[in-house]
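Here, each number is a calculation from the coordinates, and none is a lab measurement. Just so it is clear, the structure is predicted and the values come from calculations on it, not from any experiment. A quick note on method: Cβ atoms are made from the backbone with ideal geometry, for glycine too, and the neighbour counts reach across all protein chains shown.
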Number of protein chains: 2
Amino acid sequence: MTRAYNFAPGPAALPESVLKQAQADMLEWGDAGASIVEMSHRGPEFMEVATRAEADLRTLLGVPDDYAVLFMAGGATTAQALLPLNFASDGDTVDYVVTGHWGKTALRQLTPAVRINIAASGEEGGYRSIPARESWQLTPGAAYVHVTANETIHGVEYRPAWGAVPPDTGDVPLFADFSSSIASEPIDISRYGVIYAGAQKNLGPVGISVVIVRRDLLARAGQPRADIFNYSSHLANGSMLNTPPTWNWYVAGLVFRWMLDEGGTAEFDRRSDEKSALLYGAIDGSGGFYRNEVDPAVRSRMNVPFFLADDTRNAAFLEGAREAGLIGLKGHRVLGGMRASIYNAMPVEGVRALVAYMQDFQKRNG
Amino acid sequence: MTRAYNFAPGPAALPESVLKQAQADMLEWGDAGASIVEMSHRGPEFMEVATRAEADLRTLLGVPDDYAVLFMAGGATTAQALLPLNFASDGDTVDYVVTGHWGKTALRQLTPAVRINIAASGEEGGYRSIPARESWQLTPGAAYVHVTANETIHGVEYRPAWGAVPPDTGDVPLFADFSSSIASEPIDISRYGVIYAGAQKNLGPVGISVVIVRRDLLARAGQPRADIFNYSSHLANGSMLNTPPTWNWYVAGLVFRWMLDEGGTAEFDRRSDEKSALLYGAIDGSGGFYRNEVDPAVRSRMNVPFFLADDTRNAAFLEGAREAGLIGLKGHRVLGGMRASIYNAMPVEGVRALVAYMQDFQKRNG
């Protein structure tokens with residue numbers, strides 16, 4: 001089979017031009033005599049790659065100068081563990097708004113030295129909506145408020161139809177897990193204290209994550225912790241406190257450059273509107289053959305979970321999809337059913353092909 | 001320039017056949033319709049890669065069944081932070097034997113809830129030797145004793161000429177950082193409690209590390225900690241507690257397979273003897289033009305730091321080396337001078353070429 005349209009939730013599809021560049025560079029980096037994956041992270045070749053990647057990411061996201069950008073090994077879960085260690089003192093309260101699986105997972109990463117306040121949770125409603133901002137029970141003087149910008153499994157995203165985004169948290173800094181929606185639209189970073197994201201959805205390959213942090217917050221003492229868990233140490237060492245995942249960083253840089261070349265976040269915002277409207281339209285217009293249960297005000301533009309009315313046909317749906325060159329559609333085990341992840345690297349043609357297949361499958365099985 | 005002999009300390013040279021395989025696989029994995037870097041870590045394709053990599057590593061290193069093998073994002077420094085969190089309780093003493101830069105760095109990763117005992121240190125002597133086992137001030141009932149099997153910067157390695165290796169620590173489990181010497185010779189893993197290694201020297205690409213832990217130790221309560229810092233949680237989830245660095249894992253697996261095909265650790269032991277003897281022989285036979293200051297009993301077979309008597313010629317040495325197709329020889333900023341890292345992927349021909357260049361450089365400058 002040739003390359004399919006890949007709807008996997010992450011690790012996810014990368015732009016083909018990025019993969020081709022990585023392929024071309026695999027044995028030799030320019031005239032350096034070695035592959036980029038074999039070279040010192042402190043040598044001039046990789047330093048140039050790293051510096052350019054940060055500059056491109058700053059341009060892409062419009063990161064203000066008073067925010068630091070860190071490239072870290074591992075993913076968002078590690079960031080979730082480092083937030084309280086770096087930004088909360090003993091006995092501080094941290095406010096969490098839980099709108100899906102990953103927001104709940106974040107609670108398991110908290111140090112026992114902090115008090116956890118679940119300011120709002122969508123769990124009772126099966127995470128099909130996001131509690132209205134007015135209902136949130138925030139703690140005055142909390143160390144921070146944590147939200148998940150987009151829930152990859154439940155397909156729930158803070159969208160303007162829900163209310164003001166980002167939600168206002170007053171003087172308490174807002175920390176947001178942007179793993180699955182970063183760079184899908186322009187955002188005002190100055191409204192956040194910390195934004196973090198595993199790269200493997202919109203930013204690049206798995207194995208590296210990005211943390212964007214307002215510099216003044218790094219002055220907080222936080223908890224006693226290992227040096228490797230200290231964001232200030234990482235910043236002081238240019239994200240090279242230890243050997244960083246160089247190849248992953250390099251490929252992420254290729255993806256940043258690709259996104260800039262394609263038109264930046266404004267263009268991906270437009271494409272995300274188009275792609276998600278196509279797909280939700282097909283689901284809602286299927287007369288109940290397919291369904292998505294998420295409150296339309298907070299439907300994710302990145303991850304579209306959907307279910308067949310007759311779930312005994314799931315296997316046939318997936319098998320037919322594969323034959324049609326559409327892969328990665330199986331839903332997460334938490335929810336079952338299907339899920340189409342349509343990140344920046346998914347072209348609108350892929351979504352059109354999925355919609356055509358869904359309509360054809362319905363005709364044959366309706 | 002074509003591919004050079006790359007003496008970089010890590011990220012380091014990979015076998016060319018491995019890079020070629022990674023290159024061939026970059027756009028499509030068999031008939032899966034996507035690259036391995038784009039596929040779910042829980043899908044059948046990657047699960048097969050992951051399972052085979054662990055099986056091959058177990059075969060390569062002779063890992064007993066009562067030891068778990070974990071694949072973790074990031075490198076050895078993170079492991080250094082996780083050791084006390086997982087294996088020491090509040091107030092426990094942990095014994096550290098410091099024989100170079102990385103052993104000292106490990107101390108900065110300790111949680112403040114444990115007591116640190118530096119049982120022995122080579123710092124006063126500039127880390128040119130390893131204190132004799134009889135001089136170690138071990139703590140009865142310590143949570144563990146930590147050693148660095150090979151110090152990458154100082155070029156100091158526990159070798160049989162030093163004494164019994166591994167050093168006897170009685171009932172206290174021995175934890176060892178094997179980042180830069182793992183798989184360079186057969187070792188008796190049952191003599192250790194924990195062995196850990198960043199992959200980027202002998203095992204594969206940077207961005208993934210391997211932790212081999214005696215299963216009974218996982219029953220220890222350790223410190224209160226985030227779930228993502230809990231080795232037991234990683235084990236219970238097959239090293240997929242969060243999304244693992246799949247591409248890095250896959251390339252590491254290619255390297256494991258390559259090492260097995262080349263003859264396994266016994267063969268790399270033989271080659272390491274041959275390569276290191278050639279290089280130390282050239283240094284010692286240079287009449288002082290080059291020098292290595294490490295006690296011959298503990299000279300590393302992996303990392304050979306050396307100095308020119310006239311260090312104003314360093315730049316010329318490095319420039320000439322590069323012209324001769326020999327790269328990555330600049331010493332670490334901590335020591336200066338030169339360093340040749342001759343891991344498993346470095347063929348003996350590379351060392352011969354280096355020795356020939358060194359002799360020629362001396363003739364022209366001696």
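The table for this structure:
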read-out	value
GNM top mover of B:VAL98, B:VAL18, B:VAL210 - chain B, alpha-carbon springs below 10 Å	B:VAL18
Sequence-distant residues sharing a close amide H with A:GLY62 (under 5 Å, placed H)	none
FRET efficiency, B:ASN237 to B:SER190 (Cβ-Cβ, R0 30 Å, nearest 0.05)	0.70
B:LYS20 paired with A:ASP261, simple spin-label distance in nm, labels 7 Å along Cα-to-beta-carbon	2.8
Net dipole in debye of chain A [+1 Lys, Arg Cβ; -1 Asp, Glu Cβ; about Cα centre; nearest 20]	760
All-pairs alpha carbon distance profile, segment A:108-216, 10 Å steps from 0, percent	12, 44, 37, 6
Estimated FRET transfer efficiency when R0 is 41 angstrom, pair B:THR51-A:ASP310 (beta carbons, to 0.05)	0.75
Fraction of antiparallel bridges per DSSP, the protein assembly as shown only, in percent to nearest 5	55
Among A:ALA199, A:ALA12, A:ALA356: highest mean-square fluctuation, GNM of chain A, C-alpha pairs under 10 Å	A:ALA356
Where labels lie 7 Å past Cα in the beta-carbon direction, separation of A:THR59 and A:ASP360 in nm	4.1
Exam field: B:SER233 pseudo-label spacings to other copies (7 Å along Cα-Cβ), nanometres	2.1
Dipole moment magnitude, nearest 20 debye, segment A:1-94 about Cα centre, only Lys, Arg, Asp, Glu C-beta charged	340
Principal semi-axes in Å for the protein assembly as shown [√(5λ), Cα gyration tensor, largest first]	46, 29, 24
Residue mean of other protein chain beta carbons inside 10 Å, B:26-33	5
CD proxy at 222 nm, helix term only [per DSSP H run n ≥ 4: -39500 (n - 2.57); per residue of chain B; nearest 500]	-10000 deg cm²/dmol
Distance (nanometres) between label positions extended 7 Å along Cα→Cβ at A:VAL348 and A:ARG270	0.9
Dipole-positive endmost among A:MET346, A:TRP249, A:ALA277 within segment A:213-366 (Cβ charges, Cα centre)	A:TRP249
Cβ-based charge dipole, segment A:17-261, positive-most Cα from A:ALA68, A:VAL210, A:PHE178	A:PHE178
The protein assembly as shown, dipole about Cα centre (Lys/Arg Cβ +1, Asp/Glu Cβ -1), debye to the nearest 20	20
Listed residues B:THR111, B:VAL194, B:ALA164: farthest to the positive end of the dipole of segment B:103-197 (Cβ charges)	B:THR111
Beta bridges per DSSP with both ends in chain B, % antiparallel, nearest 5	55
For chain B, built as a Gaussian network whose Cα springs stay under 10 Å, the top-fluctuating residue of B:SER232, B:SER121, B:SER135	B:SER135
Shortest-first nm distances, B:ASP273 label point to equivalent points in other copies (7 Å, Cα→Cβ)	7.2
A:ASP171/A:ALA113 FRET efficiency (R0 25 Å; Cβ-Cβ; nearest 0.05)	0.65
